[in-house]
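Engineer: Submitted below is the structure of interest, expressed as structure tokens.
Computed from the coordinates by the stated procedures, all read-outs in this text should not be read as laboratory data. A quick note: this is a predicted structure, and the numbers were derived from the prediction, not measured. Glycine gets a Cβ as well: all are built from the backbone with ideal geometry, and neighbour counts include every protein chain shown.
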Amino acid sequence: MTKKINEHLTKSESLMLAWKNRKDYIGEDKKSSLYTSWRARVFTKKGKKTGYPDKWITFKGFKEDMSIGWAKGKILVRKNSKLPFSKENCEWLDKGLENIGKLIQFEYNGETRTLLEWSKIHNLNYCGVRQRYFRGKNYTPEEILFGKRHSKRGEKTD
């Protein structure tokens, strides 16, 4: 049986309270993607190479700067990839939209959209469309999207 340290707390409760009052205590946040994003910046080779502010050495410092705009499923992206991570140079974007500005713009039937958008509109495999775009030097826009039509065996072409 535990001894009473004071009238209200047992020894185990007192230790738990002391643990929770530590400056580096994270608690329930450890299960969040905000915590995962912080770890990716501070503890990975890529994060260390890119750089981050001294305040972000602790999770609490990172949370103070970056919890605004964060929601489950969002990804931390730098606005300018040549600068290190910081409050001013980062934003939270929905997963899947983080590279939208870097995607290839492509014109077909008088409309300009990204290859990803064309793939979704026509229910095509994005990887195949992208591969045809880069490999097909003399492909028409239709051939890039839908592939070249090959003649069947035995058919004669002019």
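Engineer: Would you mind putting 33-40, 63-70 in packing order, based on average other-beta-carbon counts within 10 Å, highest first?
Structural biologist: Listed from highest to lowest mean packing, they are 33-40, 63-70.
Engineer: Hey, can you grab everything whose amide H is under 5 Å from the amide H of Cys90? Only 5+ residues off in sequence or another chain; H modelled, so Pro and N-termini drop out.
Structural biologist: Answer set, sorted by chain and number: Lys79.
Engineer: Now for a different question. Give Lys11/Lys72; Lys45/Lys79; Lys74/Lys120; Lys55/Lys79 a once-over and call out the pairs whose C-alpha atoms are over 25 Å from each other.
Structural biologist: Beyond 25 Å: Lys11/Lys72.
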